[in-house]
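*Asks:* Could you have a look at this structure, given as structure tokens, before my questions?
The values are calculated or read from the model by the stated rules, or taken from the named source; none is laboratory data. For clarity, every value in this text was computed on a predicted model and none was experimentally measured. Because the Cβ atoms are built from the backbone with ideal geometry, glycine has one as well, and the counts that use them run over all protein chains shown.
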Amino acid sequence: MDQRGERPWAVLFGTNKIATVDPATFELREFTLPRAAARPRRLAVTTDGAVWFGDYSGGVLGRLDPVSGQVEEWPLPGGATSRPYALVNDNRDRVWLVETGARPNMFIGFDTRSRRFLESRPVPSGGGTVRHMFFDPRTQVIWFGSDAGTIGRATLPPAGVVP
């Protein structure tokens, strides 16, 4: 769902497409990403309505503007083989993801307002593949599960502190 709870968003797995459904008409709208080889995994929607995705096959963080259909991309610090999978946003419109192609996995933040990456941190257990993340605004903690059979916790820095 988007930040306002107005519409669901989905990755069309195995394609370079992101889709949404209009809750009033049930009309499906597909957005084709510019690179045919793109393979988005998880999505996050920030308060400006932008849809953010990690491209598993391309090693980029992407932003889809659902009004214009325009896509912007930023190469991830781990490069083309970084394999981003899990992704979540916090209540300050930062996007967090894990590069699963790196050993150990790298936990990365991106400030969507300044359009810059924050400091990367290794996942201490290595992480296997981190597939899902959940942000708890009350505690400023991101919880995540991995293929290594572990549950991780990342405590975010307080407002005003840039990691």
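*Asks:* What do you reckon, is residue 18 hydrophobic (A, V, I, L, M, F, W, C), touching a strand residue (DSSP E or B) at 6+ places or on another chain (Cβ under 7 Å), in a strand (DSSP E or B) and free of Cβ contacts under 8 Å to residues at least 40 places away in the same chain? Full working, then the answer.
*Replies:* Details: hydrophobic (A, V, I, L, M, F, W, C): yes; touching a strand residue (DSSP E or B) at 6+ places or on another chain (Cβ under 7 Å): yes; in a strand (DSSP E or B): yes; free of Cβ contacts under 8 Å to residues at least 40 places away in the same chain: no.
For residue 18, the condition - hydrophobic (A, V, I, L, M, F, W, C), touching a strand residue (DSSP E or B) at 6+ places or on another chain (Cβ under 7 Å), in a strand (DSSP E or B) and free of Cβ contacts under 8 Å to residues at least 40 places away in the same chain - is not met.
*Asks:* Just to be sure, is residue 7 free of Cβ contacts under 8 Å to residues at least 24 places away in the same chain and surrounded by 13 or more Cβ atoms within 10 Å (Cβ to Cβ)? Step through it out loud before you land on a result.
*Replies:* On the way: free of Cβ contacts under 8 Å to residues at least 24 places away in the same chain: yes; surrounded by 13 or more Cβ atoms within 10 Å (Cβ to Cβ): yes.
Criteria met by residue 7.
*Asks:* Continuing with this model, one more query. Residue 41 versus (1) within 23 Å of residue 82 (Cα to Cα); (2) out of contact with any Phe, Trp or Tyr (no Cβ under 6 Å at 6 or more places or on another chain); (3) not hydroxyl-bearing (Ser, Thr, Tyr): which is the lone unmet condition?
*Replies:* For residue 41, the failing item is (2).
*Asks:* Identify all residues within the stretch 21-40 that are in contact with a strand residue (DSSP E or B) (Cβ under 8 Å, 6 or more places away or on another chain) and among the hydroxyl-bearing types (Ser, Thr, Tyr); write none if there are none.
*Replies:* Restricting attention to the stretch 21-40, the residues satisfying the condition of being in contact with a strand residue (DSSP E or B) (Cβ under 8 Å, 6 or more places away or on another chain) are 21-22, 27-35, 38-40.
Hit for the stretch 21-40 is 32, nothing else.
*Asks:* Still on this structure: So if I check each of 139, 129, which one is farther than 24 Å from residue 75 by Cβ and β-branched (Val, Ile, Thr)?
*Replies:* Working: 129 fails: farther than 24 Å from residue 75 by Cβ.
Just a single option satisfies the conditions, and that option is 139.
*Asks:* Let me ask you something else. Return the only residue of 2, 55 being among the charged types (D, E, K, R), within 19 Å of residue 110 (Cβ to Cβ) and at pLDDT below 95. Don't jump to the end; show me each part of the working.
*Replies:* Values: 55 fails: at pLDDT below 95.
Answer to the selection: 2.
*Asks:* Of the residues that make up the stretch 30-37, is at least one of a type outside the set (Lys, Arg) and under 15 Å from the mean Cα position of the chain (by Cα)?
*Replies:* Taking the stretch 30-37 first, the residues of a type outside the set (Lys, Arg) are 30-34, 36-37.
If we keep only those that are under 15 Å from the mean Cα position of the chain (by Cα) as well, we get none.
Scanning the stretch 30-37 turns up no residue that is of a type outside the set (Lys, Arg) and under 15 Å from the mean Cα position of the chain (by Cα).
*Asks:* Report the residue count in the stretch 54-72 for those that are hydroxyl-bearing (Ser, Thr, Tyr) and either farther than 9 Å from residue 38 by Cα or touching a Ser or Thr at 6+ places or on another chain (Cβ under 8 Å) (or both).
*Replies:* Quick first cut of the stretch 54-72, residues hydroxyl-bearing (Ser, Thr, Tyr) only: 56-57, 68.
Filter once more, so that each one left must be either farther than 9 Å from residue 38 by Cα or touching a Ser or Thr at 6+ places or on another chain (Cβ under 8 Å) (or both): 68.
Residues meeting the conditions: 1.
*Asks:* Another question, then. Which numbered condition trips up residue 114, out of (1) farther than 24 Å from residue 74 by Cα; (2) modelled with pLDDT of 90 or more; (3) of a type in the set (Ser, Thr, Tyr)?
*Replies:* Checking residue 114 against (1) farther than 24 Å from residue 74 by Cα; (2) modelled with pLDDT of 90 or more; (3) of a type in the set (Ser, Thr, Tyr), the one that fails is (1).
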